[in-house]
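Undergrad: Please read through the structure below; I'll follow up with questions.
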Amino acid sequence: MSVSVPSTRKESDEGRSHGERRDLRRANWASKIGGKLRANDDRELLDFGKLEDGFFEVEVPRYADGALWKFENSQGQRLLTTVPPYLARTGEELLLPREVVEKDALK
């Protein structure tokens, strides 16, 4: 299912009686995103169901810095922009660059 989303741009269209043309964009329908972002000890860091549409940010608590986090019951698209975008189904399946593993081993 798709919906038409009008843009803010209006142009003259002489073929229409109302004198304006609405420039349309196509977008797939999607329900409100849901799910949670949790720290490695299962503490909740973010509840996506409580957010408005748009970008999200999470402050990194000391106990969660350098540890694996997980998306739980996550719906919708998640694009990580200011952290390495490494995702896996489990920690055992996660592939990390050698430099990251070596640096974390020193901690």
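Undergrad: Answer with yes or no whether Gly76 is on the phi > 0 side of the Ramachandran plot and surrounded by 10 or more Cβ atoms within 10 Å (Cβ to Cβ).
TA: Numbers: on the phi > 0 side of the Ramachandran plot: yes; surrounded by 10 or more Cβ atoms within 10 Å (Cβ to Cβ): yes.
Criteria met by Gly76.
Undergrad: Also: Which residue pairs have Cβ atoms closer than 6 Å, lie 6 or more positions apart in sequence or on different chains, and pair a first residue in segment 82-107 that is in a helix (DSSP H, G or I) with a second residue that is surrounded by 10 or more Cβ atoms within 10 Å (Cβ to Cβ) and at pLDDT 85 or above?
TA: Between residues of segment 82-107 that are in a helix (DSSP H, G or I) and residues that are surrounded by 10 or more Cβ atoms within 10 Å (Cβ to Cβ) and at pLDDT 85 or above, the close pairs are Gly91/Leu68.
Undergrad: A further question follows. Looking at segment 33-81, which of its residues are of a type in the set (Phe, Trp, Tyr), within 11 Å of the chain's Cα centre (by Cα) and in a loop (DSSP other than H, G, I, E, B)? Steps first, please.
TA: Narrowing segment 33-81 to residues of a type in the set (Phe, Trp, Tyr): 48, 55-56, 63, 69, 71.
With within 11 Å of the chain's Cα centre (by Cα) added as a condition, the list becomes 48, 55-56, 71.
Phe55, Phe56 - these are the residues of segment 33-81 that are of a type in the set (Phe, Trp, Tyr), within 11 Å of the chain's Cα centre (by Cα) and in a loop (DSSP other than H, G, I, E, B).
The values are calculated or read from the model by the stated rules, or taken from the named source; none is laboratory data. Keep in mind that this is a model prediction, so the values were computed, not measured. Cβ: placed from backbone, ideal geometry, glycine included. Neighbour counts: every protein chain shown.
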